[in-house]
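The block underneath contains the structure these notes are about, expressed in structure tokens.
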Amino acid sequence: MCGWESPDEIAQCVVVAKYWLDTIRPWIEFGLSLAGVGTLIAFGIFVWLFKNCRRDIDHLQTKADELREITRQSIEAKDEAETKARLLERNLAFAIESRAPADEHLRGCRDEITSLSRKVALVRTASQGDAAEFWSTSPGLRMDDYVRRLGDSIPVCLFANQKGGVGKTTLSANLAACYAARGERVLAIDLDYQGSLTSLMLAQSRQRPTEFPSAVDLLHRDELPELWSGSAIVEGKAHHKLDYVSCWYSFEKLERNMEYSWVLADSKDDIRYRLARAILSEHVQNTYERVIIDAPPRMTAGFLNGLCASNYLFVPTVVDHVSAIAVGTFAKQVRRLQPINPILKLAGIVGTMTSVDYLPTAAAPAADSAETNVRNAMNSNENFFIRDAVMRRTQKVAYSTEEGIAYLQEPQTRPMFEALADEVARRAPLKGR
Ligand SMILES: Nc1ncnc2c1ncn2[C@@H]1O[C@H](COP(=O)(O)OP(=O)(O)OP(=O)(O)O)[C@@H](O)[C@H]1O
Ligand SMILES: [Mg+2]
């Protein structure tokens, strides 16, 4: 026991305390050493942890940067997407607004396709069958009162034959000259783009038949122009009573053009009646007493225009058996085309290129054959073949583009053409006779 009342007691206490201190000192020192080692270990752990944390922090920092970048890009993408969405919205609104016109356009396209299909079908049908069948469809839009006006018209004589080189042009030119010389006001129309009739007229008026305008084109245009100021009709050059309408190669193009537009139903009027529109005009009807048309040897749009503008048809033919067959075939085609011009009358077959001034006995069987073929084709018993006049083959008639029209140039040919003119006039009399 120790107490603090006396010095001994205190000394005793100190001794005890000292004893205890000595006793526990190693333990304290051991404890302190332990604490030092622990502290070192703790510090080591702390350093290790710190390093690890640092690495994680750096890693996290990088990740955060990446995330930040991704976020920035996302924001940009979102902005872009929003802009696009707004644009799309605007486009959608526009598309909705435009739908009505687009629908209308689509309907228009559909109509166009239907119309084109119809036209293709028309072309297909038109390309089958022969030329007469091709041209024989019922009349479309033509001038008012066409049939009555053509019935009341001055004689319009068409000289035609599908066979080439039979004398159509020679006959047309010489008869036109003959009637003019008799005092009739005559209008001759060339419908052959080779311009044979025109060349004869030019030669007759001492003009060089080289390049010249194809005035007949004007008569076939969509709108009939003011022709009568001299632009389409050449007045009084070959003979003062004989005017003519020229034809040249541009007419071929126009013919094809008319043909296609007719097949495709592209023109507002029926192109087959364009020449009729000119010939039945007041000017022609009041200025002339006779019209003579020289047809081409092919069934083109020009030929059809000649056919629809005429009231009399004359068929020049060489008098042999082969030509007799050709005349019959041609008459059949004319018959088939009758519905488009019910006024046209096959008024005569003219023998050409004979060896003498009359129909030779040797040629009679061929003439009979032609007559029979035409009668069968027309289902008629009329005397079509002109037996009292022929166009003899003679060098004086063989035309030359340098010399002009035989009737006017070679007086010896006149009786022959006078006889032919009489026959033709008897069958195609002047108005009022
Ligand atoms: N009476 C005749 N005498 C001699 N030759 C003629 C006679 N008639 C025509 N010819 C000649 O015969 C050829 C053909 O005549 P023309 O041009 O008149 O026939 P076309 O039937 O009009 O021919 P195309 O079918 O080519 O139009 C011409 O060279 C012409 O000069
Ligand atoms: Mg000819």
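The values are calculated or read from the model by the stated rules, or taken from the named source; none is laboratory data. Nothing here was measured: the structure is a model prediction, and the numbers come from that model. Positions of Cβ are generated from backbone atoms using ideal geometry, with glycine treated the same way; all protein chains shown enter the neighbour counts. Areas reflect the complete protein model, heavy atoms only, side chains present, ligands, DNA and RNA absent. Shrake-Rupley method; radii C 1.70, N 1.55, O 1.52, S 1.80 Å.
Tell me which residues, restricted to the stretch 312-360, are touching a Pro at 6+ places or on another chain (Cβ under 7 Å) and either in contact (Cβ under 8 Å) with a residue 60 or more places away in the chain or within 25 Å of Arg142 (Cα to Cα) (or both). Explain how you work it out, then say what you get.
Going residue by residue through the stretch 312-360, those that are touching a Pro at 6+ places or on another chain (Cβ under 7 Å) are 312, 340, 350, 352, 354.
Answer for the stretch 312-360, where residues must be touching a Pro at 6+ places or on another chain (Cβ under 7 Å) and either in contact (Cβ under 8 Å) with a residue 60 or more places away in the chain or within 25 Å of Arg142 (Cα to Cα) (or both): Tyr312, Ile340, Val350, Thr352.
Any idea which residue in the stretch 156-184 is nearest to Ala295 (Cα to Cα), counting only those that are open to solvent by 10 Å² or more (accessible area, probe 1.4 Å) and more than 8 Å from ligand 1 (Cβ to nearest atom)?
Selected residue: Gln162.
Which residue pairs have Cβ atoms under 7 Å apart, sit 6 or more places apart or on different chains, and have a first residue in the stretch 189-209 that is touching a residue at least 60 places away in the same chain (Cβ under 8 Å) and a second that is among the acidic types (Asp, Glu) and open to solvent by 20 Å² or more (accessible area, probe 1.4 Å)?
Tyr193/Glu252; Ala203/Glu402; Ala203/Glu403
Just to be sure, is Leu187 within 16 Å of ligand 1 (Cβ to nearest atom) and either in the same structural domain as Gln162 (by TED's automatic domain parsing) or assigned to a loop (DSSP other than H, G, I, E, B) (or both)? Can you show your working first?
Values: within 16 Å of ligand 1 (Cβ to nearest atom): no; either in the same structural domain as Gln162 (by TED's automatic domain parsing) or assigned to a loop (DSSP other than H, G, I, E, B) (or both): yes.
Spelling it out, it is not the case that Leu187 is within 16 Å of ligand 1 (Cβ to nearest atom) and either in the same structural domain as Gln162 (by TED's automatic domain parsing) or assigned to a loop (DSSP other than H, G, I, E, B) (or both).
Sort through Arg290, Arg221, Arg272 and tell me the only one that's out of contact with any helix residue (DSSP H, G or I) (no Cβ under 6 Å at 6 or more places or on another chain) and assigned by TED's automatic domain parsing to the domain that holds Arg149. Before the answer, list the steps.
Details: Arg290 fails: out of contact with any helix residue (DSSP H, G or I) (no Cβ under 6 Å at 6 or more places or on another chain); Arg272 fails: out of contact with any helix residue (DSSP H, G or I) (no Cβ under 6 Å at 6 or more places or on another chain).
Being out of contact with any helix residue (DSSP H, G or I) (no Cβ under 6 Å at 6 or more places or on another chain) and assigned by TED's automatic domain parsing to the domain that holds Arg149 holds for just one of Arg290, Arg221, Arg272, which is Arg221.
Go through the stretch 95-116 and count every residue that is within 30 Å of Ser261 (Cβ to Cβ) and not β-branched (Val, Ile, Thr). First the steps, then the outcome.
Step one: of the stretch 95-116, the residues within 30 Å of Ser261 (Cβ to Cβ) are 104-116.
Within this subset, residues satisfying the condition of being not β-branched (Val, Ile, Thr) are 104-112, 115-116.
The number of residues fulfilling the criteria is 11.
In the stretch 381-411, which residue that is in a strand (DSSP E or B) and surrounded by fewer than 14 Cβ atoms within 10 Å (Cβ to Cβ) is nearest to ligand 1 (Cβ to nearest atom)? Full working, then the answer.
Narrowing the stretch 381-411 to residues in a strand (DSSP E or B): 385-392, 400, 404.
Remaining after also requiring surrounded by fewer than 14 Cβ atoms within 10 Å (Cβ to Cβ): 388, 400.
Working: Asp388: 17, Ser400: 7 Å.
Applying the filter and picking the extreme gives Ser400.
Would you confirm whether any residue within the stretch 303-317 is open to solvent by 30 Å² or more (accessible area, probe 1.4 Å) and within 25 Å of Lys241 (Cα to Cα)? Reasoning before the result, please.
To start, the set of residues in the stretch 303-317 that are open to solvent by 30 Å² or more (accessible area, probe 1.4 Å) comprises 312.
Checking the rest, the ones that are also within 25 Å of Lys241 (Cα to Cα) come to 312.
Yes - at least one qualifying residue is present in the stretch 303-317.
Just to be sure I understand the filter: pairs with C-beta atoms under 7 Å, separated by 6 or more residues or on different chains, first member in the stretch 154-171 and over 18 Å from Ala131 (Cβ atoms) and in a loop (DSSP other than H, G, I, E, B), second member open to solvent by 10 Å² or more (accessible area, probe 1.4 Å) and within 9 Å of ligand 1 (Cβ to nearest atom). Which pairs pass?
Gly167/Met353
In the stretch 412-422, what count of residues is obtained for those that are of a type outside the set (S, T, N, Q) and surrounded by 19 or more Cβ atoms within 10 Å (Cβ to Cβ)? Break it down into steps so the answer makes sense when it comes.
Narrowing the stretch 412-422 to residues of a type outside the set (S, T, N, Q): 414-422.
Restricting the remaining residues to those that are surrounded by 19 or more Cβ atoms within 10 Å (Cβ to Cβ) gives 416-417, 420-421.
Going through the stretch 412-422 one residue at a time, the tally reaches 4.
Take the residues of the stretch 236-295 that are within 16 Å of ligand 2 (Cβ to nearest atom) and assigned to a helix (DSSP H, G or I): which is surrounded by the most Cβ atoms within 10 Å (Cβ to Cβ)? Give the derivation first.
Step one: list which residues in the stretch 236-295 are within 16 Å of ligand 2 (Cβ to nearest atom), which gives 244-249, 251-252, 255, 292-295.
From what is left, the residues that are assigned to a helix (DSSP H, G or I) are 251-252, 255.
Numbers: Phe251: 26, Glu252: 18, Glu255: 23.
Here the residue is Phe251.
If you scan the stretch 194-222, which residues turn out to be part of a loop (DSSP other than H, G, I, E, B) and open to solvent by 40 Å² or more (accessible area, probe 1.4 Å)?
Applying the first criterion (part of a loop (DSSP other than H, G, I, E, B)) to the stretch 194-222 yields 194-195, 205-215, 220-222.
Matches in the stretch 194-222: Gln194, Arg206, Gln207, Arg208, Thr210, Glu211, Pro213, Arg221, Asp222.
Based on what the data block shows, is Arg182 in the same structural domain as Lys253 (by TED's automatic domain parsing) and over 25 Å from Leu219 (Cβ atoms)? Steps first, answer last, please.
Working: in the same structural domain as Lys253 (by TED's automatic domain parsing): yes; over 25 Å from Leu219 (Cβ atoms): yes.
In short, yes.
Considering each of Ala347, Ala377 in turn, give the residue that is in a helix (DSSP H, G or I) and either modelled with pLDDT of 95 or more or within 21 Å of Thr300 (Cβ to Cβ) (or both). Break it down stepwise before answering.
Numbers: Ala347 fails: in a helix (DSSP H, G or I).
Answer to the check: Ala377.
Residue under question is His59, and the condition is that it be surrounded by 10 or more Cβ atoms within 10 Å (Cβ to Cβ), under 30 Å from Val263 (Cα atoms) and free of Cβ contacts under 8 Å to residues at least 24 places away in the same chain; does it hold? Give the derivation first.
Numbers: surrounded by 10 or more Cβ atoms within 10 Å (Cβ to Cβ): yes; under 30 Å from Val263 (Cα atoms): no; free of Cβ contacts under 8 Å to residues at least 24 places away in the same chain: yes.
It is false that His59 is surrounded by 10 or more Cβ atoms within 10 Å (Cβ to Cβ), under 30 Å from Val263 (Cα atoms) and free of Cβ contacts under 8 Å to residues at least 24 places away in the same chain.
Against the condition over 30 Å from Leu264 (Cα atoms) and acidic (Asp, Glu), how does Asp79 come out, does it pass?
Working: over 30 Å from Leu264 (Cα atoms): yes; acidic (Asp, Glu): yes.
Criteria met by Asp79.
Looking at the stretch 291-303, is at least one residue more than 14 Å from ligand 1 (Cβ to nearest atom) and not hydrophobic (A, V, I, L, M, F, W, C)?
Within the stretch 291-303, the first condition is being more than 14 Å from ligand 1 (Cβ to nearest atom), and the residues that meet it are 291, 301.
Remaining after also requiring not hydrophobic (A, V, I, L, M, F, W, C): none.
No, that holds for no residue.
Considering (1) open to solvent by 60 Å² or more (accessible area, probe 1.4 Å); (2) under 19 Å from Leu200 (Cα atoms), say which one Arg336 fails and leave the rest.
For Arg336, the exception is condition (2).
I'm told Ala366 meets every condition in (1) more than 22 Å from Leu304 (Cβ to Cβ); (2) surrounded by fewer than 20 Cβ atoms within 10 Å (Cβ to Cβ) except one. Can you identify the failing condition by its number?
Condition (2) is where Ala366 drops out.
Being in a helix (DSSP H, G or I) and under 24 Å from Val284 (Cβ atoms) is the filter here, so list the residues in the stretch 421-433 that pass it. Walk me through it before giving the result.
Going through the stretch 421-433, the residues in a helix (DSSP H, G or I) turn out to be 421-427.
Ala421, Val424, Ala425, Arg426, Arg427 - these are the residues of the stretch 421-433 that are in a helix (DSSP H, G or I) and under 24 Å from Val284 (Cβ atoms).
Would you call Cys109 closer than 30 Å to Pro415 by Cβ and either among the hydrophobic types (A, V, I, L, M, F, W, C) or away from ligand 1 (no atom under 16 Å from the Cβ) (or both)?
Values: closer than 30 Å to Pro415 by Cβ: no; either among the hydrophobic types (A, V, I, L, M, F, W, C) or away from ligand 1 (no atom under 16 Å from the Cβ) (or both): yes.
Answer is no for this residue.
Looking at the structure I just gave you, is Ser355 assigned by TED's automatic domain parsing to the domain that holds Ala419 and open to solvent by less than 50 Å² (accessible area, probe 1.4 Å)?
Working: assigned by TED's automatic domain parsing to the domain that holds Ala419: yes; open to solvent by less than 50 Å² (accessible area, probe 1.4 Å): no.
No.
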